[in-house]
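Novice: What follows is a single structure, and I will ask about it in a moment.
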């Protein structure tokens, strides 16, 4: 049994409202079962005491059980420059330790898109989507299956497809998505391939 791994759920809380809790519960319990053979399910909502005003990032650290819950005021990070970089990084679970991901960041760019095995995956902080032929496409092989990505796939808003770096120019729009920013179409952005 693995005991030294700690996982993370980042949940958006706005004006006391806890967002997408079902999707966070699913990922949390799926991860606990896979990594720790946990059979009991946790309802994260039982551990959350949401602030009633403002925008917060609820940061839940857990392994087999919930280790801590904290509320951090949130402000959006503006992204205008992104660099596609190659890496063989493995990030199938939302680990609390992000050292490997952070080591890939480049100081001259706001963000990166990770290319793995010739395919586009995610940025360091979000899943991505690209617009083509009247539909939003998301990489079939993300580094991490985000909660919002899972919800949008289930609702048929997103469609999975393998995407190569060379194909990025074929898409008219680019979006970032994660629990905190939602689905955010990026404007005035430069992607350096």
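The values are calculated or read from the model by the stated rules, or taken from the named source; none is laboratory data. Note that this is a predicted model, so its numbers are computed, not measured. Because the Cβ atoms are built from the backbone with ideal geometry, glycine has one as well, and the counts that use them run over all protein chains shown.
Novice: Consider residue 26 against the criteria (1) touching a helix residue (DSSP H, G or I) at 6+ places or on another chain (Cβ under 9 Å); (2) in a helix (DSSP H, G or I); (3) surrounded by 17 or more Cβ atoms within 10 Å (Cβ to Cβ): it satisfies all of them except one. Which criterion is unmet?
Specialist: (3)
Novice: Could you tell me whether region 116-137 includes any residue that is touching a residue at least 60 places away in the same chain (Cβ under 8 Å) and assigned to a strand (DSSP E or B)?
Specialist: So the first thing to find is which residues in region 116-137 are touching a residue at least 60 places away in the same chain (Cβ under 8 Å), and the list is none.
The answer is no, given that none of the residues of region 116-137 is touching a residue at least 60 places away in the same chain (Cβ under 8 Å) and assigned to a strand (DSSP E or B).
So that you can scan it fast, the table gives a plain yes or no per residue for (1) touching a helix residue (DSSP H, G or I) at 6+ places or on another chain (Cβ under 8 Å); (2) more than 21 Å from residue 20 (Cβ to Cβ); (3) surrounded by 12 or more Cβ atoms within 10 Å (Cβ to Cβ):
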| position | (1), (2), (3) |
| --- | --- |
| 32 | no, no, yes |
| 55 | no, no, yes |
| 65 | no, yes, no |
| 101 | no, yes, yes |
| 105 | no, yes, yes |
| 127 | yes, no, yes |
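Novice: Here's a follow-up. Within region 88-104, track down each residue that is under 16 Å from the mean Cα position of the chain (by Cα) and in a loop (DSSP other than H, G, I, E, B).
Specialist: 89, 90, 91, 92, 93, 94, 96, 97, 98
Novice: Any idea which of (1) out of contact with any strand residue (DSSP E or B) (no Cβ under 6 Å at 6 or more places or on another chain); (2) more than 23 Å from residue 89 (Cβ to Cβ) is the one residue 185 doesn't satisfy?
Specialist: (1)
Novice: Return the only residue of 91, 95, 74 being touching a residue at least 24 places away in the same chain (Cβ under 8 Å), over 25 Å from residue 33 (Cβ atoms) and out of contact with any helix residue (DSSP H, G or I) (no Cβ under 6 Å at 6 or more places or on another chain).
Specialist: Values: 91 fails: over 25 Å from residue 33 (Cβ atoms); 95 fails: over 25 Å from residue 33 (Cβ atoms).
Exactly one residue qualifies, and that residue is 74.
Novice: Within region 76-115, how many residues turn out to be over 30 Å from residue 25 (Cβ atoms), out of contact with any strand residue (DSSP E or B) (no Cβ under 7 Å at 6 or more places or on another chain) and at pLDDT 95 or above?
Specialist: Of the residues in region 76-115, 3 are over 30 Å from residue 25 (Cβ atoms), out of contact with any strand residue (DSSP E or B) (no Cβ under 7 Å at 6 or more places or on another chain) and at pLDDT 95 or above.
Novice: Quick test for you: out of 156, 188, 170, pick the one residue that is surrounded by fewer than 16 Cβ atoms within 10 Å (Cβ to Cβ), over 19 Å from the mean Cα position of the chain (by Cα), without any contact (Cβ under 8 Å) to a residue 40 or more places away in the chain and not assigned by TED's automatic domain parsing to the domain that holds residue 59. If you could, list the steps in order and put the result at the bottom.
Specialist: Details: 156 fails: over 19 Å from the mean Cα position of the chain (by Cα); 188 fails: without any contact (Cβ under 8 Å) to a residue 40 or more places away in the chain.
Of 156, 188, 170, the one residue that is surrounded by fewer than 16 Cβ atoms within 10 Å (Cβ to Cβ), over 19 Å from the mean Cα position of the chain (by Cα), without any contact (Cβ under 8 Å) to a residue 40 or more places away in the chain and not assigned by TED's automatic domain parsing to the domain that holds residue 59 is 170.
Novice: Can you confirm whether residue 85 is surrounded by 15 or more Cβ atoms within 10 Å (Cβ to Cβ), assigned by TED's automatic domain parsing to the domain that holds residue 111 and within 20 Å of the chain's Cα centre (by Cα)? Spell out the reasoning first.
Specialist: On the way: surrounded by 15 or more Cβ atoms within 10 Å (Cβ to Cβ): yes; assigned by TED's automatic domain parsing to the domain that holds residue 111: yes; within 20 Å of the chain's Cα centre (by Cα): yes.
When the stated conditions are applied, residue 85 passes them.
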